[in-house]
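Note sheet for the following structure.
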Amino acid sequence: MSDYNFAYLDEQTKRMIRRAILKGLAIPGYQVPFASREMPMPYGWGTGGVQVSAAVLTPDDRFKVIDQGADDTTNAVSIRSFFERTADVETTTETKAATVIQTRHRIPETPLTEGQILVYQVPIPEPLRFLEPRETETRKMHELQEYGLMHVKLYEDISKHGHIATSYAYPVKVEDRYVMDPSPIPKFDNPKLSDCPAIQLFGAGREQRIYALPPYTKVVSLDFDDYPFEASKPNQTCGLCGADDSYLDEVIVDDAGRRMFVCSDTDYCEKRRSAGHRGRDAA
Amino acid sequence: MYVAVKGGEQAIRNAHAWLAEERRGDVTIPELSVDQIREQMALSVARVMSEGSLFDADLAALAIKQARGDLIEATFLIRAYRTTLPRFGASEPINTGDMICDRRISATFKDLPGGQILGPTFDYTHRLLDFKLAADGETDIAPERARSEAKIPHVTDFLNREGLIESAVADDATPPDLTRVPLELPADRALRLQALARADEGFLLSLAYSTQRGYARNHAFVGELRIGMVAVEMEIPELGFAIEIGEIHVTECETVNQFKGSKYVPPQFTRGYGLVFGQIERKAISMALVDRALRWEELGEDYVGAPAQDTEFVLYHSDNIQATGFLEHIKLPHYVDFQAELELVRKLRSDAATAMQEAAE
């Protein structure tokens, strides 16, 4: 792969992406259009995140890629090996050791620190998209801060179901200005978005948008006074490490449909197990 | 006993090795060469060049071979390669009036200067399987005649002389490059045509067909369809003038459409335009119909809510590389979101069950 530039993209393209990132950081939560390139992986498979990572990676970085919280899911493996080949950066599975973390659908359990960058892969950057399919309309709604439609949707959920029926990609408001889609992370992760010491960058390749949260940005999940936001997770503990504070995946373990719960964050789970923690189902 | 799954890397490597083996198929059957694909699957090659936005028949043939004949996958390979190519500059607009035509037909005039040239077409073939091809593919040499050197004028120019068709207003503004700037709306006609030229053939075909069936009907005549080679010229700054840097094979379609006139414009014919790499008549015609439908606003026509009139709908959904990527991404793991949904549905169901029980009591 020596025919390609460092981290695959040419320097002009990286500069264009960095400009979009800087603009995004200057206007937290605002979706900046950028000239997304065709990448050698399909749209919808992390091309936005990959382009953002390519634009921020330096040869000294340590790179971690997770999908569903895990380092060893197939697409995470594929993206990690892409950067191993094209950028020859050091990779790690350790959240603490990573300087750049690309993620799909999760925020690591281990709190992030200053100097780290978390890059989210975003499928649909527009939080209002499923209320209004037209981009021309939704851009206007953001301009005018016309977010009533979103509140009506949440209210209708409550009147119909007794709860806000959104369990992931739960909309947030950034610094009292822009309503933002946090990407399809479970709402359990939403509180981690706010006041985070790391830089958070969001890349949507197919939709050609980048947005960002600078460190320590105020991010509030939308709710009502009498129906406050609740970061929910299964009321269980991890079968392997016993954690009761991490997000859990449900695994079907036999033909009878018996289930167990395990940490979705594999690094967190391994760290706990090597520190001697044991869950109910641990061998 | 459940243990955390490892080994994705090995699984991916093995899957790709199997894919390579399947691509080759039965090794006792001779392998297809890229030359064979380029020469004998020329219309597939044209489609990949057109939707891949890269005129290179050898690379397109290679992509088709690598993609096991999946043309969207082949287009994707070409697109991903194309993005890495440096931009040296932009060519001069091609002049299709100078085209050396393999085919040129008009459905609006029985005869006209330059004549009707049927060329290598499936039209008027009887779609009967030719079992002879299964046994022995060789065919007889087609009869030949010397090509006239005269340029073949565009049909719409004749209509234009009488003022019967709208003038296509010349515009020297450099259109934005869709592959270098994000698509933003409203999109002018040059940008729309650019998007349509690389749009999925099937998508354009269906949209064009829908206009014929009444969803924003704008009855189209094929004023002219021409296929052939045109020279590509580029101005070299060091020289100060344009020189020919190569030739491309293109299909151009100009439609002549009804127009009742509006408050400002007397009744006259209007235009739809299609231009694509290679011989792809179906797409060039579809493109012209969709182009015309998208022009409702500038022509002062009514918006009747038809899909083919909706620029945002058409441009945002016409790219098959974007569409197939996003469609197929749902194969990726979604455990986390599904887990969140499981919890929610369980909670809603238990609430509902409690409510029903209370109602029963």
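Mind listing whichever residues of region A:258-283 are within 13 Å of chain B (Cβ to nearest Cβ), in a loop (DSSP other than H, G, I, E, B) and more than 25 Å from the chain's Cα centre (by Cα)?
A:Arg258, A:Gly279, A:Arg280, A:Asp281, A:Ala282, A:Ala283
Tell me the residue from B:Leu32, B:Leu43, B:Leu112 that is closer than 30 Å to B:Thr156 by Cβ, at pLDDT 95 or above and surrounded by fewer than 19 Cβ atoms within 10 Å (Cβ to Cβ), please.
B:Leu43
How many residues, within region B:119-163, are surrounded by 12 or more Cβ atoms within 10 Å (Cβ to Cβ) and in contact with a helix residue (DSSP H, G or I) (Cβ under 9 Å, 6 or more places away or on another chain)?
6
When you look at A:Ala243, is it over 18 Å from A:Val179 (Cα atoms) and of a type in the set (A, V, I, L, M), yes or no?
Values: over 18 Å from A:Val179 (Cα atoms): yes; of a type in the set (A, V, I, L, M): yes.
It is true that A:Ala243 is over 18 Å from A:Val179 (Cα atoms) and of a type in the set (A, V, I, L, M).
Can you tell me which residues in region A:226-249 are among the charged types (D, E, K, R) and facing another protein chain (nearest Cβ under 7 Å)?
The one that is among the charged types (D, E, K, R) and facing another protein chain (nearest Cβ under 7 Å): A:Asp249.
Considering only region B:167-185, I want to know if a residue exists there that is in contact with a Gly (Cβ under 8 Å, 6 or more places away or on another chain) and either of a type in the set (Gly, Ala, Ser) or in the same structural domain as B:Lys260 (by TED's automatic domain parsing) (or both).
no
Yes/no matrix, rows are residues, columns are (1) crowded, with 17+ Cβ neighbours inside 10 Å; (2) closer than 26 Å to A:Ser53 by Cβ:
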{"site": "A:Ile101", "(1), (2)": "yes, yes"}
{"site": "A:Thr113", "(1), (2)": "no, yes"}
{"site": "A:Arg129", "(1), (2)": "no, yes"}
{"site": "A:Met141", "(1), (2)": "yes, no"}
{"site": "A:Gln145", "(1), (2)": "no, no"}
{"site": "A:Leu149", "(1), (2)": "no, no"}
{"site": "A:Leu154", "(1), (2)": "yes, no"}
{"site": "A:Lys160", "(1), (2)": "no, no"}
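I want to confirm something. Restricting to region A:179-212 and keeping residues that are away from chain B (no Cβ under 11 Å) and within 13 Å of A:Val52 (Cβ to Cβ), which single residue is surrounded by the most Cβ atoms within 10 Å (Cβ to Cβ)?
Per the criteria, the residue is A:Gly203.
Looking at region B:325-361, which of its residues are within 7 Å of another protein chain (Cβ to nearest Cβ) and farther than 30 Å from A:Ser246 by Cα?
Residue satisfying the conditions is B:Gly325 alone.
One residue is enough: does region A:23-32 have a residue meeting the conditions among the aromatic types (Phe, Trp, Tyr) and under 20 Å from B:Phe326 (Cα atoms)?
Checked against the condition, which is being among the aromatic types (Phe, Trp, Tyr) and under 20 Å from B:Phe326 (Cα atoms), region A:23-32 yields no hits at all.
Can you tell me which residue in region B:46-89 is farthest from B:Ile280 (Cα to Cα), limited to those that are modelled with pLDDT of 95 or more and among the aromatic types (Phe, Trp, Tyr)?
B:Phe76
Tally time: how many residues in region B:151-171 are within 23 Å of B:Cys101 (Cβ to Cβ) and aliphatic (A, V, I, L, M)?
Within region B:151-171, residues that are within 23 Å of B:Cys101 (Cβ to Cβ) and aliphatic (A, V, I, L, M) number 5.
The values are calculated or read from the model by the stated rules, or taken from the named source; none is laboratory data. Just so it is clear, the model here is predicted, and its values are computed rather than measured. Note that we place each Cβ from the backbone using ideal geometry, even for glycine, and neighbour counts take in every protein chain shown.
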